[in-house]
1. How about the stretch A:28-65: which of its residues are among the hydrophobic types (A, V, I, L, M, F, W, C) and either touching a residue at least 60 places away in the same chain (Cβ under 8 Å) or facing another protein chain (nearest Cβ under 7 Å) (or both)?
2. Look through the stretch B:121-165, keep the residues that are at pLDDT below 95 and part of a loop (DSSP other than H, G, I, E, B), and return whichever of them is surrounded by the most Cβ atoms within 10 Å (Cβ to Cβ).
3. For the stretch A:30-51, does any single residue satisfy the condition of being of a type in the set (S, T, N, Q), under 19 Å from B:N102 (Cα atoms) and crowded, with 20+ Cβ neighbours inside 10 Å?
4. Which of the residues that make up the stretch A:7-27 are over 25 Å from B:E95 (Cα atoms), buried (at least 20 other Cβ atoms within 10 Å of the Cβ) and at the interface with chain B (Cβ under 7 Å from one of its Cβ atoms)?
5. Which ranges mark the helices (runs of 4 or more DSSP H) fully within the stretch A:5-93 that have 2 or more residues being at pLDDT below 95 and of a type in the set (A, V, I, L, M)?
Amino acid sequence: MMPSVAATQLAPRMVGVEFPFGHTFGMPGDRRTQLRVLATAVTVLAGATEFGTRIDLDLEWPQPRGEAYRAWHPPTASPMVSEMLEHPWRLNGRQRSVQ
Amino acid sequence: MRVNDLRYLPRMMHSFYEADYPVERGQVWAAFEKRVSEARLALLSSAGLHLHSQQPFDLEGERREPTWGDSSYRMLPNDPDTGELAVAHLHVNPEPLLADPNITLPRGPLAELIDRGWVGGAVDQHVSVMGYQGWHDDALDRWRDVTGPAIATELQTQGADGLILAPA
């Protein structure tokens, strides 16, 4: 989902997919894509020989970007997103506290 | 083709990931010693899945303190016919997850790889967490000191040879 972020957190092996959040292995019912993503993950798990190995899959999401973007969102904004819309400074507070 | 991490991320979150994202130092590595066809694999999803019979992840706590996220975990059976799943996660749409949980916890595809002889087997119980952890003061400590070691023990007890993590 976010392999570059995973790399910053020291994930030893990664498979990148450009899919909407919540849909790591593909669309509901799309067993072929689910199988392909999992099989790739298994291959990287067993076959990688060095830390940080990353394989990105060239799979196009079957919905237009806007439709997919809307589809992964929860029915109502999360408490933090609501907070950030009201008080954007809280996001900056996160960066300081984690570092 | 290089995956764009930000493609489906709300624009207001872009700056957080584009600049000054905290980077850990060091390397995490363990060689995979077995043949995959003889290995037992486990799955971990961060989509907040739980069985109806289990306590949901604590969403009320998050509503009270939006910088906090529940760091507990649930064990989910490998057999998809054992127990009905629910979703407790305020940051993703539960509908597609419930329509086909394989999109985040691919038990069906894993069974297919086992049937084909590519993978040796699966653990009896996979792992579920709720991915939003906020940035409350003790978030990292809870994961490093409690949740992470507990999950590792659960999987070692089951004889897992490898774990595939699926961030939601």
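1. Within the stretch A:28-65, A:L35, A:L38, A:A39, A:A41, A:V42, A:L45, A:A46, A:F51 qualify.
2. B:Y132
3. Yes, the conditions are met somewhere in the stretch A:30-51.
4. Those that are over 25 Å from B:E95 (Cα atoms), buried (at least 20 other Cβ atoms within 10 Å of the Cβ) and at the interface with chain B (Cβ under 7 Å from one of its Cβ atoms): none in the stretch A:7-27.
5. In the stretch A:5-93, A:65-72, A:79-86 are the helices (runs of 4 or more DSSP H) which contain 2 or more residues that are at pLDDT below 95 and of a type in the set (A, V, I, L, M).
The values are calculated or read from the model by the stated rules, or taken from the named source; none is laboratory data. If you're wondering where the values come from, they're calculated on a predicted model, not measured in any experiment. In this analysis, Cβ positions are derived from the backbone assuming ideal geometry, glycine residues included, and neighbour counts consider all displayed protein chains.
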